[in-house]
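Here is the structure we will look at.
The values are calculated or read from the model by the stated rules, or taken from the named source; none is laboratory data. Here the structure is a predicted model, which is why all the values come from computation and not from measurement. Here Cβ is always computed from backbone atoms with ideal geometry, including for glycine, and neighbour counts include all displayed protein chains. For the accessible areas, the whole protein counts, side chains as well, though only heavy atoms, and no ligand, DNA or RNA atoms are used. Shrake-Rupley method; radii C 1.70, N 1.55, O 1.52, S 1.80 Å.
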Amino acid sequence: MIVLGIETSCDDTALAFYSPGEGVVGELTANQLIHETYGGVVPEVASRAHMKNLLPVFNALLSKSGLSVREIDGIGVSNGPGLIGSLLVGVSFAKALAFSLDRPIVGVHHIEAHILSNELGGEEFRTPAVVLVVSGGHTCLYKMDAVGRYELVGNTRDDAAGEAFDKIAKLLGLGFPGGPVIEEAAKTGNAAAVDFPRAMMRQENFEFSFSGLKTAVRMYVEGQAALTDEMTADVAASAQEAIVDALVKKTIACAMSYHVRHVYLAGGVAANGRLREKLALECGRFDITYHAPLLRYCTDNGAMIACTASKHLAHGKDDKLDLDVFTRGPVVSWL
Ligand code: KG4
Ligand code: ZN
(Lines give C-alpha, C1' and ligand atoms only; values in the text may rest on other atoms or scores of the structure.)
(Ligands and ions follow the chains in the order given, each with its own letter.)
Protein backbone atom coordinates (compact mmCIF):
# COMPACT_ATOMS: atom_id res chain seq x y z
CA MET A 1 0.00 0.00 0.00
CA ILE A 2 1.36 3.44 -1.02
CA VAL A 3 0.11 6.48 0.90
CA LEU A 4 0.71 10.05 -0.25
CA GLY A 5 1.20 12.57 2.58
CA ILE A 6 0.68 16.29 2.00
CA GLU A 7 1.84 18.97 4.44
CA THR A 8 1.04 22.65 3.83
CA SER A 9 0.02 23.88 7.29
CA CYS A 10 2.67 26.60 7.52
CA ASP A 11 5.47 27.58 5.13
CA ASP A 12 6.78 24.25 3.84
CA THR A 13 5.23 22.48 0.86
CA ALA A 14 6.16 18.92 1.84
CA LEU A 15 5.07 15.70 0.12
CA ALA A 16 6.02 12.08 0.71
CA PHE A 17 5.10 8.51 -0.17
CA TYR A 18 4.98 5.99 2.65
CA SER A 19 4.35 2.28 2.66
CA PRO A 20 3.64 0.49 5.99
CA GLY A 21 5.95 -2.34 4.90
CA GLU A 22 8.83 -0.35 3.40
CA GLY A 23 8.69 2.98 5.26
CA VAL A 24 9.36 6.22 3.39
CA VAL A 25 9.40 5.52 -0.36
CA GLY A 26 10.12 9.08 -1.49
CA GLU A 27 9.88 12.64 -0.17
CA LEU A 28 10.29 16.19 -1.40
CA THR A 29 9.93 19.58 0.29
CA ALA A 30 9.91 23.10 -1.11
CA ASN A 31 10.92 25.61 1.57
CA GLN A 32 9.62 29.15 1.27
CA LEU A 33 12.73 31.24 1.83
CA ILE A 34 10.81 34.44 1.07
CA HIS A 35 9.64 34.69 4.72
CA GLU A 36 13.21 35.36 5.88
CA THR A 37 12.84 38.83 4.34
CA TYR A 38 10.04 39.59 6.80
CA GLY A 39 11.50 37.83 9.86
CA GLY A 40 8.46 35.56 10.16
CA VAL A 41 5.86 33.68 8.13
CA VAL A 42 3.41 35.95 6.25
CA PRO A 43 0.19 33.86 5.89
CA GLU A 44 -1.00 35.31 2.57
CA VAL A 45 2.46 34.93 1.02
CA ALA A 46 2.63 31.34 2.33
CA SER A 47 -0.67 30.22 0.77
CA ARG A 48 0.21 31.75 -2.60
CA ALA A 49 3.59 29.99 -2.56
CA HIS A 50 1.88 26.66 -1.76
CA MET A 51 -0.36 27.14 -4.80
CA LYS A 52 2.68 27.76 -6.97
CA ASN A 53 4.77 24.90 -5.53
CA LEU A 54 2.32 22.07 -4.96
CA LEU A 55 1.90 20.65 -8.46
CA PRO A 56 5.61 20.91 -9.48
CA VAL A 57 6.65 19.26 -6.17
CA PHE A 58 4.07 16.48 -6.69
CA ASN A 59 5.24 15.81 -10.26
CA ALA A 60 8.91 15.89 -9.25
CA LEU A 61 8.20 13.47 -6.38
CA LEU A 62 6.41 11.04 -8.71
CA SER A 63 9.34 10.91 -11.13
CA LYS A 64 11.92 10.80 -8.32
CA SER A 65 10.09 7.85 -6.71
CA GLY A 66 9.43 6.08 -10.02
CA LEU A 67 5.70 5.90 -9.26
CA SER A 68 2.64 6.73 -11.32
CA VAL A 69 -0.42 8.46 -9.84
CA ARG A 70 -2.44 5.23 -10.24
CA GLU A 71 -0.14 3.51 -7.73
CA ILE A 72 -1.32 5.81 -4.91
CA ASP A 73 -3.68 3.77 -2.69
CA GLY A 74 -4.67 6.50 -0.23
CA ILE A 75 -4.08 10.15 0.58
CA GLY A 76 -3.37 11.89 3.89
CA VAL A 77 -3.33 15.65 4.25
CA SER A 78 -2.57 17.90 7.18
CA ASN A 79 -5.92 19.68 7.80
CA GLY A 80 -5.04 21.55 11.02
CA PRO A 81 -3.96 23.18 13.21
CA GLY A 82 -2.21 25.76 11.06
CA LEU A 83 -2.67 28.76 8.79
CA ILE A 84 -6.14 28.50 7.29
CA GLY A 85 -5.19 29.64 3.76
CA SER A 86 -2.18 27.34 3.61
CA LEU A 87 -4.19 24.36 4.88
CA LEU A 88 -6.93 25.01 2.31
CA VAL A 89 -4.45 24.80 -0.57
CA GLY A 90 -3.22 21.36 0.56
CA VAL A 91 -6.69 20.02 1.38
CA SER A 92 -8.17 21.20 -1.95
CA PHE A 93 -5.31 19.56 -3.84
CA ALA A 94 -5.73 16.32 -1.86
CA LYS A 95 -9.49 16.27 -2.46
CA ALA A 96 -9.08 16.79 -6.21
CA LEU A 97 -6.60 13.92 -6.32
CA ALA A 98 -8.78 11.62 -4.20
CA PHE A 99 -11.82 12.38 -6.36
CA SER A 100 -10.06 11.86 -9.68
CA LEU A 101 -8.32 8.64 -8.57
CA ASP A 102 -11.30 7.40 -6.52
CA ARG A 103 -9.11 6.79 -3.45
CA PRO A 104 -9.75 7.31 0.29
CA ILE A 105 -8.59 10.59 1.85
CA VAL A 106 -7.92 11.27 5.53
CA GLY A 107 -7.32 14.53 7.36
CA VAL A 108 -4.25 14.31 9.61
CA HIS A 109 -3.85 16.39 12.78
CA HIS A 110 -0.47 18.09 12.34
CA ILE A 111 0.49 17.42 15.97
CA GLU A 112 -0.40 13.73 15.84
CA ALA A 113 1.89 13.54 12.81
CA HIS A 114 4.74 15.22 14.71
CA ILE A 115 4.25 12.68 17.53
CA LEU A 116 4.26 9.69 15.17
CA SER A 117 7.33 11.02 13.30
CA ASN A 118 9.14 9.09 16.05
CA GLU A 119 8.29 5.87 14.16
CA LEU A 120 10.06 7.06 10.98
CA GLY A 121 13.34 5.84 12.48
CA GLY A 122 11.95 2.30 12.20
CA GLU A 123 10.99 1.65 15.83
CA GLU A 124 7.41 1.11 16.95
CA PHE A 125 5.98 3.50 19.54
CA ARG A 126 6.24 2.26 23.14
CA THR A 127 3.27 3.12 25.32
CA PRO A 128 2.06 4.33 27.76
CA ALA A 129 4.24 7.34 27.10
CA VAL A 130 4.51 11.05 27.77
CA VAL A 131 5.23 13.15 24.67
CA LEU A 132 6.66 16.67 24.76
CA VAL A 133 5.48 18.45 21.60
CA VAL A 134 7.54 21.58 20.98
CA SER A 135 7.13 23.54 17.75
CA GLY A 136 6.63 27.06 16.47
CA GLY A 137 2.98 27.09 17.53
CA HIS A 138 2.77 24.44 20.25
CA THR A 139 4.30 23.49 23.57
CA CYS A 140 2.31 20.70 25.12
CA LEU A 141 2.54 17.45 27.00
CA TYR A 142 0.44 14.51 25.88
CA LYS A 143 -0.14 11.32 27.78
CA MET A 144 -0.43 8.58 25.21
CA ASP A 145 -1.91 5.20 26.11
CA ALA A 146 -1.54 3.81 22.58
CA VAL A 147 -1.06 5.05 19.03
CA GLY A 148 -4.50 6.61 18.53
CA ARG A 149 -5.18 7.42 22.21
CA TYR A 150 -4.05 10.86 23.37
CA GLU A 151 -4.74 13.04 26.39
CA LEU A 152 -3.54 16.64 26.55
CA VAL A 153 -2.14 17.07 30.07
CA GLY A 154 0.00 20.21 29.78
CA ASN A 155 0.19 23.33 27.65
CA THR A 156 1.75 26.76 27.41
CA ARG A 157 -0.10 29.74 28.85
CA ASP A 158 1.38 32.13 26.30
CA ASP A 159 4.22 31.68 23.79
CA ALA A 160 5.29 28.33 22.37
CA ALA A 161 8.91 27.25 22.89
CA GLY A 162 9.70 27.64 19.16
CA GLU A 163 8.09 31.07 19.20
CA ALA A 164 10.35 32.01 22.15
CA PHE A 165 13.42 30.90 20.15
CA ASP A 166 12.19 32.89 17.12
CA LYS A 167 11.44 36.08 19.09
CA ILE A 168 14.70 35.97 21.06
CA ALA A 169 16.68 35.46 17.83
CA LYS A 170 14.95 38.51 16.40
CA LEU A 171 15.86 40.57 19.51
CA LEU A 172 19.47 39.49 19.09
CA GLY A 173 19.43 40.26 15.35
CA LEU A 174 20.25 36.65 14.51
CA GLY A 175 17.65 35.98 11.80
CA PHE A 176 14.79 33.53 11.18
CA PRO A 177 13.87 30.79 12.04
CA GLY A 178 15.32 31.41 15.48
CA GLY A 179 15.89 27.90 16.83
CA PRO A 180 18.80 26.81 14.64
CA VAL A 181 20.55 30.23 14.81
CA ILE A 182 20.23 30.45 18.62
CA GLU A 183 21.57 26.90 18.91
CA GLU A 184 24.53 27.80 16.69
CA ALA A 185 25.30 31.06 18.56
CA ALA A 186 24.94 29.27 21.93
CA LYS A 187 27.78 26.87 21.07
CA THR A 188 30.41 29.50 21.90
CA GLY A 189 28.42 31.08 24.75
CA ASN A 190 28.26 30.54 28.50
CA ALA A 191 24.87 29.17 29.55
CA ALA A 192 25.38 30.46 33.10
CA ALA A 193 26.25 34.02 32.02
CA VAL A 194 22.75 35.45 32.53
CA ASP A 195 20.27 34.01 35.02
CA PHE A 196 17.05 34.26 32.98
CA PRO A 197 13.74 33.32 34.66
CA ARG A 198 12.25 29.80 34.50
CA ALA A 199 8.51 30.41 34.86
CA MET A 200 6.03 28.23 36.79
CA MET A 201 8.70 25.86 38.06
CA ARG A 202 7.39 25.69 41.61
CA GLN A 203 3.86 24.86 40.53
CA GLU A 204 2.57 21.31 40.60
CA ASN A 205 1.05 21.46 37.12
CA PHE A 206 2.38 20.75 33.64
CA GLU A 207 1.92 24.29 32.28
CA PHE A 208 4.61 26.35 30.58
CA SER A 209 5.13 30.09 30.12
CA PHE A 210 7.78 31.72 27.94
CA SER A 211 6.60 35.32 27.52
CA GLY A 212 8.44 36.43 30.71
CA LEU A 213 11.70 35.05 29.33
CA LYS A 214 11.23 36.98 26.09
CA THR A 215 10.68 40.21 28.12
CA ALA A 216 13.71 39.46 30.33
CA VAL A 217 15.92 39.04 27.25
CA ARG A 218 14.56 42.28 25.75
CA MET A 219 15.25 44.20 28.97
CA TYR A 220 18.73 42.72 29.21
CA VAL A 221 19.52 43.65 25.60
CA GLU A 222 18.11 47.17 26.01
CA GLY A 223 20.22 47.60 29.16
CA GLN A 224 23.47 47.12 27.23
CA ALA A 225 25.18 49.94 25.31
CA ALA A 226 26.06 47.47 22.53
CA LEU A 227 26.05 43.70 22.18
CA THR A 228 29.40 42.18 21.27
CA ASP A 229 29.44 38.78 19.53
CA GLU A 230 30.60 37.27 22.80
CA MET A 231 27.67 38.79 24.71
CA THR A 232 25.23 37.65 22.02
CA ALA A 233 26.54 34.10 22.35
CA ASP A 234 26.17 34.26 26.16
CA VAL A 235 22.57 35.54 25.92
CA ALA A 236 21.72 32.88 23.31
CA ALA A 237 23.22 30.11 25.48
CA SER A 238 21.55 31.40 28.67
CA ALA A 239 18.12 31.80 27.03
CA GLN A 240 18.36 28.35 25.41
CA GLU A 241 19.26 26.85 28.80
CA ALA A 242 16.25 28.55 30.44
CA ILE A 243 13.87 27.14 27.79
CA VAL A 244 15.42 23.66 27.92
CA ASP A 245 15.38 23.61 31.75
CA ALA A 246 11.67 24.37 31.90
CA LEU A 247 10.82 21.81 29.20
CA VAL A 248 12.88 19.02 30.73
CA LYS A 249 11.78 19.54 34.35
CA LYS A 250 8.06 19.55 33.51
CA THR A 251 8.35 16.56 31.17
CA ILE A 252 10.09 14.41 33.78
CA ALA A 253 7.63 15.53 36.48
CA CYS A 254 4.75 14.60 34.14
CA ALA A 255 6.15 11.14 33.40
CA MET A 256 6.75 10.49 37.10
CA SER A 257 3.30 11.68 38.07
CA TYR A 258 1.61 9.33 35.57
CA HIS A 259 4.05 6.47 36.35
CA VAL A 260 5.04 6.36 32.70
CA ARG A 261 8.37 4.80 31.70
CA HIS A 262 8.70 6.14 28.13
CA VAL A 263 9.28 9.77 27.10
CA TYR A 264 9.16 11.07 23.52
CA LEU A 265 10.10 14.39 21.93
CA ALA A 266 8.31 15.82 18.88
CA GLY A 267 8.11 19.02 16.79
CA GLY A 268 10.59 21.48 15.29
CA VAL A 269 12.27 22.34 18.62
CA ALA A 270 12.98 18.61 19.12
CA ALA A 271 15.88 19.23 16.70
CA ASN A 272 17.63 21.24 19.44
CA GLY A 273 20.80 19.43 20.49
CA ARG A 274 20.84 20.79 24.04
CA LEU A 275 17.20 19.76 24.61
CA ARG A 276 17.89 16.25 23.28
CA GLU A 277 21.01 15.94 25.41
CA LYS A 278 19.46 17.19 28.66
CA LEU A 279 16.20 15.26 28.32
CA ALA A 280 18.11 12.04 27.55
CA LEU A 281 20.31 12.61 30.59
CA GLU A 282 17.41 13.28 32.97
CA CYS A 283 15.39 10.34 31.61
CA GLY A 284 18.39 8.12 32.31
CA ARG A 285 18.56 9.36 35.91
CA PHE A 286 14.92 8.38 36.47
CA ASP A 287 15.05 5.08 34.60
CA ILE A 288 12.79 6.33 31.83
CA THR A 289 13.45 5.44 28.17
CA TYR A 290 14.09 8.50 25.97
CA HIS A 291 13.11 8.79 22.29
CA ALA A 292 13.32 11.55 19.67
CA PRO A 293 12.59 11.66 15.94
CA LEU A 294 15.47 11.55 13.45
CA LEU A 295 16.76 15.11 13.02
CA ARG A 296 15.38 15.48 9.49
CA TYR A 297 11.87 14.55 10.67
CA CYS A 298 11.69 17.05 13.57
CA THR A 299 10.58 20.03 11.47
CA ASP A 300 7.56 19.89 9.18
CA ASN A 301 7.72 17.11 6.59
CA GLY A 302 5.47 15.04 4.37
CA ALA A 303 6.65 11.65 5.67
CA MET A 304 5.08 12.16 9.12
CA ILE A 305 1.74 12.97 7.46
CA ALA A 306 1.87 9.93 5.17
CA CYS A 307 2.92 7.62 8.05
CA THR A 308 0.07 8.88 10.29
CA ALA A 309 -2.41 8.67 7.42
CA SER A 310 -1.43 5.04 6.79
CA LYS A 311 -2.56 4.18 10.34
CA HIS A 312 -5.90 5.99 9.92
CA LEU A 313 -6.48 4.30 6.56
CA ALA A 314 -5.64 0.88 8.02
CA HIS A 315 -8.26 1.62 10.67
CA GLY A 316 -10.84 2.09 7.89
CA LYS A 317 -11.12 5.89 8.06
CA ASP A 318 -12.19 7.86 4.97
CA ASP A 319 -13.08 11.56 5.38
CA LYS A 320 -14.29 11.79 1.78
CA LEU A 321 -14.89 15.18 0.22
CA ASP A 322 -16.48 16.56 3.43
CA LEU A 323 -12.99 17.02 4.87
CA ASP A 324 -12.53 20.52 6.29
CA VAL A 325 -9.65 22.51 7.79
CA PHE A 326 -9.30 23.85 11.36
CA THR A 327 -6.97 26.40 12.95
CA ARG A 328 -6.62 25.08 16.51
CA GLY A 329 -7.46 22.24 18.87
CA PRO A 330 -5.76 19.28 20.55
CA VAL A 331 -5.11 15.87 19.01
CA VAL A 332 -8.28 13.78 19.08
CA SER A 333 -8.23 10.07 19.98
CA TRP A 334 -9.47 7.71 17.26
CA LEU A 335 -8.94 4.37 18.92
O1 KG4 B 1 7.36 21.88 13.77
P2 KG4 B 1 7.86 23.05 13.02
O3 KG4 B 1 8.73 22.80 11.81
O4 KG4 B 1 6.70 23.96 12.57
C5 KG4 B 1 5.55 24.15 13.35
O6 KG4 B 1 4.67 23.29 13.30
O7 KG4 B 1 5.56 25.16 14.09
O8 KG4 B 1 8.66 23.93 14.09
C9 KG4 B 1 9.26 25.15 13.75
C10 KG4 B 1 9.90 25.72 15.00
C11 KG4 B 1 10.46 27.14 14.81
O12 KG4 B 1 9.99 27.96 15.85
C13 KG4 B 1 11.97 26.93 14.89
O14 KG4 B 1 12.66 28.06 15.44
C15 KG4 B 1 12.07 25.73 15.80
O16 KG4 B 1 11.00 24.90 15.43
N17 KG4 B 1 13.35 25.02 15.64
C18 KG4 B 1 14.28 24.91 16.61
C19 KG4 B 1 15.39 24.23 16.04
N20 KG4 B 1 15.08 23.94 14.74
C21 KG4 B 1 13.82 24.42 14.52
N22 KG4 B 1 14.27 25.35 17.88
C23 KG4 B 1 15.38 25.11 18.62
N24 KG4 B 1 16.48 24.50 18.15
C25 KG4 B 1 16.53 24.04 16.87
N26 KG4 B 1 17.63 23.43 16.42
ZN1 ZN C 1 4.96 21.43 12.72
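Miscellaneous remarks
- Semi-axis lengths, Å, the chain, gyration tensor of Cα atoms, sqrt of 5 times eigenvalues: 34, 24, 16
- Surrounding net charge for LYS95, when Lys and Arg each add one and Asp and Glu each subtract one, Cβ distance under 13 Å: -3
- Computed from Cα atoms, the angle from the helix 43-65 axis to the main principal axis of the chain rounds to 60 degrees.
- Across the range 191-235, the residues whose backbone nitrogen lies under 18 Å from the label position 7 Å along the beta-carbon direction of LYS170 are 210-222.
- Each of the peptides 40-52, 110-122 was scored by the mean count of other Cβ atoms within 10 Å over its residues; in descending order, highest first, they stand as 110-122, 40-52.
- Nearest-10 value in Å² for the accessible area of MET219, using the 1.4 Å probe: 120
- 15 Å cut-off, amide nitrogen to a point 7 angstrom out along THR188 Cα→Cβ, residues in the range 196-238: 227-237
- For the chain, the longest principal axis of the alpha carbon atoms and the long axis of helix 84-101 meet at an angle near 20°.
- Kirkwood Rh, angstrom, the range 111-198 [1 / mean 1/r, Cα pairs]: 15.0
- Portion, in percent, of the accessible area of the chain that falls on carbon or sulfur, probe 1.4 Å: 53
- Against the chain, whose longest principal axis comes from its Cα atoms, helix 302-314 is set at around 50 degrees.
- Think of each Lys and Arg Cβ as +1 and each Asp and Glu Cβ as -1; about the Cα centre, that makes the dipole of the chain roughly 280 debye.
- Solvent exposure of the range 76-202 amounts to 39 Å² per residue of accessible area, where only protein heavy atoms count and the probe is 1.4 Å.
- Taking all Cα pairs closer than 8 Å and separated by 6 or more residues, the relative contact order of the chain comes to 26 percent.
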